[in-house]
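The block underneath contains the structure these notes are about, expressed in structure tokens.
The values are calculated or read from the model by the stated rules, or taken from the named source; none is laboratory data. As the structure is a computational prediction, the values presented were derived from the model and not from experiment. Note: ideal-geometry Cβ built from the backbone for every residue, glycine included; neighbour counts use all protein chains shown.
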Amino acid sequence: MTKSFFSAALLLMSSGCGQAFGAAGDIPQALAARHPVQLEVSNQSGGPVEIYAQGSGTSYRVGTVNPGLTGRFTVRPGMGLNGAVEFLAVSGTGGLVRSGPMLVRAGDVVDFALTPHTATSMATVRGWTGGN
């Protein structure tokens, strides 16, 4: 009787293990939802640009930034979760600026500076400072 009692107690106690925090794969997704990647686009290119994001097998239009302004956007959770994300700026004249593939983490801020010359436009990642 004692052996079966201990076996039942052990089984009952172990059935709740590992459920409090979810699967290990859920942790990055939960962080991405609570602290999404931010994108700040400074447009000094002389004309309006459409911003797109590509990553994790998807692509979507982020928004528009008019000349002389800075656009602040929240990147969809999960973008770049399974690899790199790339940002694209497309002008009305067909000009294209690519950020290049970027590895981002939850809470990071990407600064995408667009200049009149595409060769001098660049994107950098500011790491997360741990704020709310």
Count of residues meeting criterion [surrounded by fewer than 17 Cβ atoms within 10 Å (Cβ to Cβ), closer than 15 Å to residue 117 by Cα and at pLDDT 95 or above] in region 45-89
3
Name the residues in region 90-132 that are over 15 Å from residue 47 (Cα atoms) and modelled with pLDDT under 85, would you?
127, 128, 129, 130, 131, 132
Looking only at region 41-61, count every residue that is without any contact (Cβ under 8 Å) to a residue 40 or more places away in the chain and part of a strand (DSSP E or B) and tell me the total.
8
I'd like the full set of residues that are assigned to a loop (DSSP other than H, G, I, E, B) and either in contact with a Lys or Arg (Cβ under 8 Å, 6 or more places away or on another chain) or at positive phi (or both), limited to region 105-120.
106, 107, 108
Of these, 76, 72, which one is out of contact with any Gly (no Cβ under 7 Å at 6 or more places or on another chain), part of a loop (DSSP other than H, G, I, E, B) and of a type in the set (Lys, Arg)?
76
Within region 70-96, tally of residues that are β-branched (Val, Ile, Thr) and touching a residue at least 40 places away in the same chain (Cβ under 8 Å):
3
Residue count, region 84-94, condition in contact with a strand residue (DSSP E or B) (Cβ under 9 Å, 6 or more places away or on another chain), assigned to a loop (DSSP other than H, G, I, E, B) and over 11 Å from residue 50 (Cβ atoms), comes to 1
